[in-house]
Amino acid sequence: MSIIIHKQGLLATVQGKQRYGYRDAGIGPGGAMDLFAMHAANYLVGNEEDAAVLEMNFPAPEIVFRKDALISLAGADMDACVDEIPLPVWKPVLIKKDSVLKFRKPVHGSKLYLAVREGWIAEKWLGSSSTHLKAAAGGYAGRSLEKGDVIEFGEPSFFLTENKILPWGFTSQELQEVYPVNKAMRCICGAEWSLLASSSKTIFSEQSFALNNQNDRMGYRLNGPRLFTEKPVEMISSAVDAGTVQLLPDGNLIVLMADHQTTGGYPRIASVIKADIPPLAQLNAGDEFRFTIIDAAEAEDALISRQQKLQEIKAAFRQQYQKYFQH
Amino acid sequence: MLVSYGNTIQEAINDRVISLHQSFRTEPFIGLVETVPSYSSLTVFYDPLLVRNGHPGVRSAADLVKAIVRQRADTMNETPALFKKKTVIIPVYYHGEDLDFVASQNNLSKEEVITLHHSRTYRVFMIGFLPGFPYMGPVDEGIATARRSSPRTKVKAGSIGIAGFQTGIYPLDSPGGWQLIGETPLKIFDKMKEPVCLLAASDEVRFVPITREEFERQDEYHHS
């Protein structure tokens, strides 16, 4: 009544809804790095958006299904296959008991989400099943998945005779809107933007930056031109958020990601808007991109239109799901 | 949304921040997610869609939240900050790896550093960096010491350090750059407890020196 991790991957974790209400205790919301892909994976199998999913990096774990399951993959393409047959990303798939799910090579993107109908059964901590690695709490024993781990999921209401790709999913046009090629990450000015030297302000929005190889769930360090403040800045700590772009003392930038600290003492020069964190999260070391500054109203509109779009997709997939499983 | 009272470390300012924080806890507006107090600012996190849906006719959630927060802050500023402050006693075995350094930097003996550290009551200004990490202060000028130039890759949970005029306690094993002067046997963060953190912003903390034997007897971590 479960899956078993047959071969360990690189930092595969269980992620559920975000853990709100504890930032004043130093505990951030955490959750999936790419919330769009996580929600998408859940919608594809008819779940609520916050059902627990597995977040995987390459190399991803090898997974054996010990019962029939309706699953979906969303986010990065890691050349998934089940019993040597290629599996698509962004589509629901029926997987037969005893199937082996493998990921052969990284094609594009870096974070892949595996959802199952009814969601993975995970440990809740402070109201959320997202894995908090530092506190070693929530998700699966508060840690990343290891060989031999068994993860349970709800009883399916169907019986399978073969693996099958179902006839609904995201269109390439829908995905293009979220993950455009040569994307400029939209951001709004941060609390300390005005402290930047004017030449640094220009560089920030005109030159390219690349993802450093030191990046993790807490933050993405960037390579690129160094930026400086007009005068030396001595700051006291205050709150930061996912997407906050901080200027480090050496002039390099770091963008805070899902497992960021709740507070920080470096100048917050910008914030990547929520709608553009998904394409940012999917970058790999060396990938280049630019920043573009927009105003707060545009950022709000972008987020709201994204949320509305997702609600439409959710409703459409629900219908497909009900139609398919009625007979 | 950031409500800033300047870049300063003062109890009166921090009182303002915390009363505003507590006011939003007891009386949230529709769409509020949570607020995070720091030394001299309060950050307000909200969901723009919920704000707009909860306030029909509103075009910009940011503008509306700004107005709500400003009005609340103005009201709060007219009344003295009133909230309960709990006092927490933290036992400390003063034997930290940087005790010698802090002493020599400040031309003091180790004993003088220890005495200066536990001879005043500190305020918890904010929690941040790690789950339950209290930023406390101010320490006596005589023992204020800058962070280590190169942070340690692992600081043991329970370690007590100094960074400038601040003093803090590591709730978890973690990398860290504070000057370590002692260690408490108390768990200030316990994921199994409710609440998970012993301290909150606005609490008062008194350190009480203990011996090695007392430390070992009270050790809640059972470090191996």
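The values are calculated or read from the model by the stated rules, or taken from the named source; none is laboratory data. Keep in mind that what you see is a predicted model, and the values were worked out from it rather than measured. Virtual Cβ from ideal backbone geometry, glycine too; neighbours counted across all protein chains shown. For accessibility, only protein heavy atoms count, side chains too; no ligands or nucleic acids. Shrake-Rupley method; radii C 1.70, N 1.55, O 1.52, S 1.80 Å.
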Restricting to lysines and to Cα separations under 24 Å from A:K231, and discarding same-chain partners fewer than 8 apart, the set is A:K201
Heavy-atom accessible area per residue of the protein assembly as shown, all protein chains kept, 1.4 Å probe, expressed in Å², is 44
Accessible-area order for A:E118, B:E34, largest to smallest, probe 1.4 angstrom, reads A:E118, B:E34
With all protein chains in place and a 1.4 Å probe, B:L2 shows an accessible area in Å² (nearest 10) of 70
Ordering A:206-213, A:100-107 by per-residue average of other C-beta atoms within 10 angstrom, highest first, gives A:100-107, A:206-213
Residue separation between A:H108 and A:D301 times 0.36 nm, minus their alpha-carbon distance, gives in nm 66.7 nm
Carbon/sulfur accessible area of region B:2-78, % of total, 1.4 Å probe, equals 50
Taking Cα atoms only, helix A:35-44 is inclined relative to the longest principal axis of chain A by an angle, in degrees rounded to 10, of 20
Quick calc, chain B, dipole around Cα centre from Cβ unit charges on Lys, Arg (+) and Asp, Glu (-), nearest 20 debye, gives 660
For chain B, the longest principal axis of the Cα atoms and the Cα long axis of helix B:11-26 enclose an angle in degrees, to the nearest 10, of 50
A:K67 and B:Q105 label points (each 7 Å along its Cα→Cβ direction) are spaced in nm at 5.9
Looking at region A:130-152, residues buried by 50 Å² or more relative to their chain on its own, accessible surface at probe 1.4 Å, turn out to be A:K134
For region B:99-168, the accessible surface attributable to carbon and sulfur atoms (probe 1.4 angstrom, ligands and nucleic acids excluded) amounts in percent to 49
Ranked by GNM mean-square fluctuation in chain A (Cα springs under 10 Å), the top entry among A:S172, A:S128, A:S110 is A:S172
Judged on accessible area alone, 1.4 Å probe, highest first, B:T8, B:T79 line up as B:T79, B:T8
With Cα springs under 10 Å, the Gaussian network model of chain B assigns the largest mean-square fluctuation among B:V69, B:V33, B:V102 to B:V33
Counting only residues 5 or more apart in sequence or on a different chain, those whose built amide H sits under 5 Å from that of A:L196 are A:E230
With x for Gly and Pro, the residue-by-residue ³J(HN,Hα) of region A:296-311, computed from phi through the Karplus equation 6.51 cos²θ - 1.76 cosθ + 1.60 at θ = phi - 60° and given in whole Hz, is 4, 5, 5, 4, 5, 4, 4, 5, 5, 5, 4, 5, 5, 4, 5, 5
The aspartates and glutamates whose Cα lies under 20 Å from the Cα of B:K156, excluding any fewer than 8 residues away in the same chain, are B:E97, B:D98, B:D100, B:D173, B:E183, B:D190, B:E213, B:E214, B:E216, B:D219, B:E220
For A:K314, the aspartates and glutamates lying under 16 Å Cα to Cα, once residues fewer than eight places off in the same chain are dropped, come out as A:E48, A:E49, A:D50, A:E118, A:E174
Among B:T35, B:Y46, A:L87, the residue whose Cα sits farthest towards the positive end of the charge dipole of the protein assembly as shown (+1 at Cβ of Lys and Arg, -1 at Cβ of Asp and Glu, taken about the Cα centre) is A:L87
Shielding of A:27-37 by other chains, given as the mean Cβ count within 10 Å, works out to 1
Using a 1.4 Å probe on heavy atoms of the protein chains only, the accessible area for B:D74 in Å², nearest 10, reads 80
Averaged over the residues of A:232-241, the number of partner chain Cβ atoms within 10 Å of each residue's own Cβ comes to 6
For A:304-311, B:157-164, ranked highest to lowest by mean beta-carbon neighbours within 10 Å, the order is B:157-164, A:304-311
Computed for A with B: buried accessible area summed over both chains, 1.4 Å probe, rounded to 100 Å², at 2800
Whole-Å distance linking the alpha carbon centroid of region B:1-27 with that of region B:96-163 is 25
Pairs over 24 Å Cα to Cα, from A:K111/B:K187; A:K111/B:K193; A:K111/A:K274; A:K7/A:K97; A:K134/B:K110; B:K86/B:K154, come to A:K111/B:K187; A:K111/B:K193; A:K134/B:K110; B:K86/B:K154
Computed about the Cα centre, the charge dipole of the protein assembly as shown from +1 Lys/Arg and -1 Asp/Glu charges at the Cβ has a magnitude in debye, to the nearest 20, of 640
With only helices counted (DSSP H, runs n ≥ 4, each -39500 (n - 2.57)), the per-residue ellipticity at 222 nm for chain B, to the nearest 500, works out to -8500 deg cm²/dmol
With a Förster distance of 30 angstrom and the Cβ-Cβ distance between A:E155 and A:A316, calculated FRET efficiency to the nearest 0.05 equals 0.70
Once amide hydrogens are built 1.01 Å from N within the peptide plane, the residues lying 5 or more places from A:T262 or on another chain with amide H under 5 Å from its amide H are B:F129
For B:K110 the rounded accessible area (nearest 10 Å², probe 1.4 Å, non-protein molecules ignored) is 80
Expressed as a whole number, the average count of other chain Cβ atoms within 10 Å around the Cβ atoms of B:38-46 is 4
Residues of region A:11-46 with backbone N under 15 Å of the label point set 7 Å from the Cα of A:A141 along Cα→Cβ are A:11-14
Carbon/sulfur accessible area of region A:184-294, % of total, 1.4 Å probe, equals 47
Comparing each residue of region B:177-200 in the complete protein assembly with the chain by itself (heavy atoms, probe 1.4 Å, ligands and nucleic acids ignored), those losing at least 10 Å² of accessible area are B:F189, B:K191, B:E194, B:V196, B:C197
Expected sort for B:185-192, A:20-27, A:228-235 on mean C-beta neighbours within 10 Å, highest first, is A:20-27, B:185-192, A:228-235
